[in-house]
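Peer 1: The structure is given below, and queries will be raised subsequently.
The values are calculated or read from the model by the stated rules, or taken from the named source; none is laboratory data. What you are looking at is a predicted structure, and each value in this text was computed from that prediction instead of being measured. Cβ sites come from the backbone with ideal geometry, for glycine too, and all protein chains shown count toward neighbours. All accessible areas refer to the heavy atoms of the entire protein, side chains included, with ligands and DNA or RNA removed. Shrake-Rupley method; radii C 1.70, N 1.55, O 1.52, S 1.80 Å.
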Amino acid sequence: MMRQTCFIAVLIVFSFTHAQKKTFKCVEVHDAIKLIDEEKYDEGIAILKECEKKDPKDYTYPYEIALANIRKEDYNSGISQLEKIKGYSNIDDYYYALLGNAYDYTDNPEQAIKTYDEGLKKFPSSGKLYLEKGVVFELQKKISQAVENYEKGIKAEPSYPSNYYRIAKLFLNSNNPLYGLVYGEIFLNLERTTARSQEMSQLLYDGYKKAVKFTDKNTTVNLCQAFIIIEKDSKPNDPLPFCILYSGYFALASVDKKEINLETLSDIRRKAMKEYFKHKSNPSNVLLNYQKIMEGKNVFNAYNYYLFQIGDKEAFENWFTNNKTEYEKFVDWYTNDTNSLKINKKNLYISDPLPK
């Protein structure tokens with residue numbers, strides 16, 4: 001039910017936005033969508049059917065009828081409606097996402113996967129279709145296949161947030177939390193001020209606290225399961241996996257700390273980032289590059305407090321009270337569109353390959 005609720009919420013937003021942007025021959029479509037949003041499904045469907053008669057070539061009306069049927073859990077009617085319009089020339093990846101999910105809701109994950117794959121042949125750059133495939137595999141506990149599809153979605157559409165969100169949660173619950181920490185932080189930069197971003201702020205903070213343990217004698221940093229795969233054509237100067245490199249710098253930056261809190265976490269991350277860039281042979285990393293820019297603008301410390309604030313709300317409020325000028329400087333910089341994280345197919349981040 002959680003999978004259904006989340007997906008339908010996304011489709012509702014898309015439906016409303018799409019309806020606002022487009023000019024329709026049947027203007028009553030707006031009344032229909034409003035009724036459906038008020039859960040007056042049959043009334044809305046009746047209007048949409050009249051619109052379909054007036055403008056039979058526009059697939060929006062049968063698509064909205066199908067969405068209304070799925071929202072009222074009449075999945076078979078939704079599937080039947082969507083299958084009838086599969087030949088329309090102007091359908092998009094949302095169509096295949098909705099149809100695949102409808103099949104999944106009827107406990108037919110095989111047909112759902114087939115539908116997503118069909119959509120991907122037409123829309124190979126659709127991050128959302130890879131996302132939906134990943135969710136099906138995740139619900140089947142096929143975690144490696146879920147991760148594979150989320151990462152394919154990231155490669156196909158690097159700025160689409162949801163693949164980062166799903167894969168971050170999987171890795172944060174694994175023996176390789178560093179990948180989750182990176183994916184989760186990228187997600188927070190792509191999707192801000194939502195319920196999911198607040199959840200991720202807490203998860204990231206908890207992830208760091210869980211990964212770093214302090215005793216009187218030593219500090220243990222467990223960000224990833226260290227391994228090195230040596231290919232036959234490897235060369236002595238080939239870079240080590242990012243996981244091993246960054247974990248080492250993070251561990252060294254932690255040696256003088258006694259606990260993870262907002263202050264120490266910010267300091268550790270700043271030191272680890274600076275150490276990473278001291279070694280020019282280290283591979284480029286889109287997230288660390290962004291952190292370096294912020295450090296150069298003197299806003300990285302405030303960014304760290306912002307990033308993890310849900311993890312310790314009281315500590316954040318105390319820091320904010322005493323550092324308003326610093327935080328406001330960060331907000332002014334961070335909310336300027338020119339300073340947002342720019343991620344594309346050339347600079348995207350993908351985790352190190354894991355052993356089979």
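Peer 1: Using a ≥ b ≥ c from the Cα gyration tensor of the chain (square roots of the eigenvalues), is it rounded, prolate or oblate, where a/c under 1.5 gives rounded and otherwise the larger of a/b and b/c decides, a/b for prolate? Please list the in-between numbers first.
Peer 2: Values: a/c = 2.41, a/b = 1.80, b/c = 1.34.
It is prolate, given that a/c is not under 1.5 and a/b is the larger ratio.
Peer 1: Could you tell me what percent of the accessible area of the chain is made up of carbon and sulfur, with a 1.4 Å probe and every protein chain present?
Peer 2: On the way: 9350 of 18370 Å².
Using a 1.4 Å probe with all protein chains present, the chain comes out at 51 percent carbon and sulfur.
Peer 1: Right, here's the next one. So if each residue of separation counts as 0.36 nm, and I subtract the Cα-Cα distance between residue 321 and residue 258, what length gain in nm does that give?
Peer 2: Working: separation 63, 0.36 × 63 = 22.68 nm, distance 2.45 nm.
20.2 nm is the gain from fully extending residue 321 to residue 258.
Peer 1: Another question, if that's okay. Could you tell me which helices of the chain pass both thresholds, a Cα extent of 27 Å or more along their own axis and a mean Kyte-Doolittle hydropathy of at least -0.5, with helices taken as whole DSSP H runs?
Peer 2: Values: long enough: 2-21 (29 Å, 0.84).
For the chain, where a helix must reach 27 Å along its axis and average at least -0.5, the hits are 2-21.
Peer 1: Here's a follow-up. Please report the relative contact order for the chain, taking Cα pairs under 8 Å with a sequence separation of at least 6, and give it as a percent rounded to a whole number. Numbers along the way, then the final one.
Peer 2: Working: 417 pairs, mean separation 35.6, N = 356.
Relative contact order comes out at 10 percent.
Peer 1: Using R₀ = 35 Å, calculate the FRET efficiency as 1/(1 + (r/R₀)^6) where r is the Cβ-Cβ separation of residue 175 and residue 72; round to 0.05.
Peer 2: Values: r = 42 Å, r/R0 = 1.21.
With R0 = 35 Å, the Cβ-Cβ based efficiency is 0.25.
Peer 1: Would you please put 150-162, 241-253, 330-342 in order of how densely packed they are, using the mean number of other Cβ atoms within 10 angstrom per residue and starting with the highest?
Peer 2: Result, highest mean Cβ count within 10 Å first: 150-162, 241-253, 330-342.
Peer 1: Here is a further query. Where a Cα-Cα gap under 25 Å defines reach, which lysines qualify for residue 278, not counting those fewer than 8 residues away within the same chain?
Peer 2: 235, 257, 292, 297, 342, 346
Peer 1: Something else: Does the stretch 259-356 classify as rounded, prolate or oblate by the C-alpha gyration tensor (a ≥ b ≥ c root eigenvalues; a/c under 1.5 gives rounded; else a/b over b/c gives prolate, otherwise oblate)? Walk me through the intermediate numbers first.
Peer 2: On the way: a/c = 1.94, a/b = 1.52, b/c = 1.28.
It is prolate, given that a/c is not under 1.5 and a/b is the larger ratio.
Peer 1: Spin-label point model (7 Å from Cα, Cβ direction): what's the residue 347 to residue 313 distance in nm?
Peer 2: 3.5
Peer 1: If you don't mind, another one. Can you divide the C-alpha Rg of the stretch 107-205 by 2.2 N^0.38 Å and report the result to two decimal places?
Peer 2: Working: Rg = 13.3 Å, N = 99, 2.2 N^0.38 = 12.6 Å.
Cα Rg divided by the expected 2.2 N^0.38 Å: 1.06.
Peer 1: Quick check on packing: order 169-177, 191-199, 261-269, 48-56 by the mean number of other C-beta atoms within 10 Å, highest mean leading.
Peer 2: Most protected by this proxy first, the peptides run 261-269, 169-177, 48-56, 191-199.
Peer 1: FRET efficiency for residue 50 and residue 84, Cβ-Cβ distance as r, R0 = 22 Å, nearest 0.05? Intermediate results must be reported in sequence, preceding the final value.
Peer 2: Working: r = 17 Å, r/R0 = 0.78.
Approximately 0.80, to the nearest 0.05.
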